[in-house]
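Please read the structure below before turning to the comments.
The values are calculated or read from the model by the stated rules, or taken from the named source; none is laboratory data. The structure displayed is predicted, hence computed values, not measured ones. Every residue, glycine among them, receives a Cβ derived from its backbone with ideal geometry; neighbour counts consider all protein chains shown. For the accessible areas, the whole protein counts, side chains as well, though only heavy atoms, and no ligand, DNA or RNA atoms are used. Shrake-Rupley method; radii C 1.70, N 1.55, O 1.52, S 1.80 Å.
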Amino acid sequence: MHGTMSSISVAGMLRLLCSFGRSGELLIDSGRIKGKIVIDSGNIVSATAERTLFKTSGLRDTVVQLLLALEEGSFSFIELAPRNEKPSGIGIEDVILESAREIWKNPGNSVNIRDLIFPEDEVLRTTRLAAGREITVSFQADEWNLLAAFNGDSDIGTVLEDSGIERGKAEIILYGLTSAGLLRRLRFKIPELSKIAREELGNIGAAIVDSEFIRQKFDRKKMGMKNFVSLLNGLEASISEITGRTRAKVIIEKMWAATK
Amino acid sequence: MKYDVLLYQSGLIVLMAAVIWNAVVIFKLSAVIKQNKPIWILPAFAAVLLAAAFCFHAYASYSLLPQMTELINRMASSDVMLDPARLGTLKIQMAQVKDALIWLKMASFTAFGVAALMLLMSNLIYLKWISK
Amino acid sequence: MSEEAMQVYSHIAVVSAGVLFWAGFMVFGFIAGRYTKVFNRETFSGLLMTAPSGILIYAILMLLRSSTMVKSQQFNDGLQVAAYVFLLVSAVLCLAGMIKFGKLLDELLKYKG
């Protein structure tokens, strides 16, 4: 298995390999960071680093440093037979969050993580754990509060803005939470309603959308799922008044389709 | 009473303007809902019919009625009263003008009625479009 | 067609026209009312729905004038003037309503957001 860091983060790939219980070596090379992480039946068992940004001490720290390989580069996974080695006890989620903290603590070495997080109009919610699964993660206050704020209602942009956390830090925390698999994407995003309405009804369509926003007193930049559903109901009624129910339904269906 | 004729004719012209405006608005509204059927033609034609009603009324008021007044005045003169031949001719002329007046009135009100029907039809069709 | 039949036809035509115009503008007022509801903007929809009543009154007065109930010529003339005044006022109000709605529609069609 081979991949580039522009398509998926090393942290994300490592978590996937662990969650599928794979065994083998994940080889990482981003130029400034080079090394390998060995996993056995989904558990981290060892890690070695040829090059890292900072001096490493111990297995956990080595893994954290290797996960900082976010720049252009590549990684590959060599699948090996399970060896039933003793697990190191390092929680993959925990180590990913720690690597995100490292990015925040060392801004001089940080790279643009915007490419690794979801677009702002996506909606996330906390991941449900499969029955019998246990994870051990240490949270800092900002991390926990941000995790709790993703309730499947508001989009990423709104949650980050309302979190009160400095934007750059909030994005890095979000990167950590999503890479660790603690947040999952809903098949929902807030679409550009005015654009769709304008395509369907011309300028009058955009005017209908704006009137509905004013009527329902919603801030379109801070709109949650509940608000969105209420808005679509209002829009259906309004568009029905202007074009009839049949056409209104078609337009509202297009708006719904754009949320997926 | 000339002013009542002017009142009526002004009413017709303003009504015609309102109907023309209706045609323009229906044209734009049809474009909004992407309906290609040109129902705006109905009020446009209604405006033409109102113009026709106006012309009928104007012709009756400014041509036939003065003609009728003239005939009545001539009939009242003693020369005509004593001349049965001229009286008969005048009576025939008066009957012709009266017939023309009644026909014009009928045509004018028919145009008025058909115009109203067209306006109603176009607005009803549009309402039906936006109600289904 | 006899003269009497033509007169009766004319009366029916004018009353029908009054009712139909009234109904036509009423329906349009109803359409305009929907725009008022959606955009929360004044469209004179109420005016468009009430103004055509004048045309209806015009038709009724014209019918009354032509009826044999009224014998006085002076009263007949008065009825005719009143009917024409109602027609004119009603038409002016209908036009005002139409213009108002037309302006709102133009504004909405040029809406850039």
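The table below gives the values:
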item	result
J(HN,Hα) series, segment C:84-99, from Karplus relation 6.51 cos²θ - 1.76 cosθ + 1.60, nearest Hz, glycine and proline x	5, 5, 4, 4, 5, 4, 4, 5, 4, 5, 4, 4, 4, x, 4, 5
Calculated FRET value between B:MET94 and C:SER53, using beta carbons and R₀ = 30 Å, to 0.05	0.20
Compactness index (Cα Rg / 2.2 N^0.38 Å), the protein assembly as shown	1.74
Under 20 Å, Cα to Cα: Lys pairs in segment B:2-129, sequence gap 8 or more or different chains	6
Accessible solvent surface per residue of chain B, calculated while the other protein chains remain in place, 1.4 angstrom probe, Å²	50 Å²
Per-residue average of Cβ from other chains inside 10 Å of B:18-27	6
Rounded if a/c under 1.5, otherwise prolate or oblate - segment A:2-88, Cα gyration tensor axes	oblate
Amide H contacts under 5 Å for A:GLY73, placed H, 5+ residues apart	A:MET5, A:SER6
With every protein chain in place, segment B:2-129: carbon and sulfur % of accessible area (1.4 Å)	73 percent
Estimated dipole of chain A in Debye, rounded to 20 [Cβ of Lys and Arg +1, of Asp and Glu -1, Cα centre]	400 debye
Accessible area buried at the C-B interface, both sides summed, 1.4 Å probe (Å², nearest 100)	3800 Å²
Rounded accessible area per residue of chain C, 1.4 Å, Å²	47 Å²
Karplus (6.51, -1.76, 1.60) ³J(HN,Hα), θ = phi - 60°, over segment B:68-84, in Hz, Gly and Pro reported as x	5, 4, 4, 5, 5, 4, 5, 5, 6, 6, 5, 4, 6, 4, 8, 10, x
Kirkwood hydrodynamic radius over Cα pairs of segment A:193-257, then Stokes diffusion coefficient at 37 °C and 0.692 mPa s, in µm²/s	285 µm²/s
Hull shadow area, averaged, segment A:116-189 [alpha-carbon convex hull, nm²]	4.9 nm²
Cut-off under 5 Å, modelled amide H: who pairs with A:SER46 long-range	A:VAL38
³J(HN,Hα) computed for each position of segment A:89-103 - Karplus, 6.51 cos²θ - 1.76 cosθ + 1.60, integer Hz, glycine/proline x	x, 7, x, 4, 4, 5, 6, 5, 4, 5, 5, 5, 4, 4, 4
Protection-proxy order for peptides A:133-146, C:31-44, each taking the mean of Cβ atoms within 10 Å per residue, highest first	C:31-44, A:133-146
Cross-link partners of A:LYS36 among lysines (Cα-Cα below 21 Å; sequence separation of 8 or more within a chain)	A:LYS55, A:LYS86
FRET efficiency estimate (nearest 0.05) - Cβ-Cβ, B:LYS132 to B:LEU6, R0 60 angstrom	0.85
Separation of alpha-carbon centers, segment C:59-106 and segment B:95-116, rounded to whole Å	18 Å
Subset of A:LYS169/A:LYS222; A:LYS226/A:LYS254; A:LYS221/A:LYS254; A:LYS222/C:LYS103; A:LYS189/C:LYS112 violating a 27 Å alpha-carbon distance limit	A:LYS222/C:LYS103
Leading residue at positive end of dipole, segment A:85-171 (Cβ point charges), from A:ASN112, A:ALA131, A:SER88	A:SER88
Electrostatic dipole magnitude of the protein assembly as shown [Cβ: Lys, Arg +1; Asp, Glu -1; Cα centre; debye, to 20]	680 debye
Total accessible area lost when A and B pair, probe 1.4 Å, Å² to nearest 100	700 Å²
Net charge of Cβ neighbours under 10 Å - reference A:THR136; Lys, Arg +1; Asp, Glu -1	-3
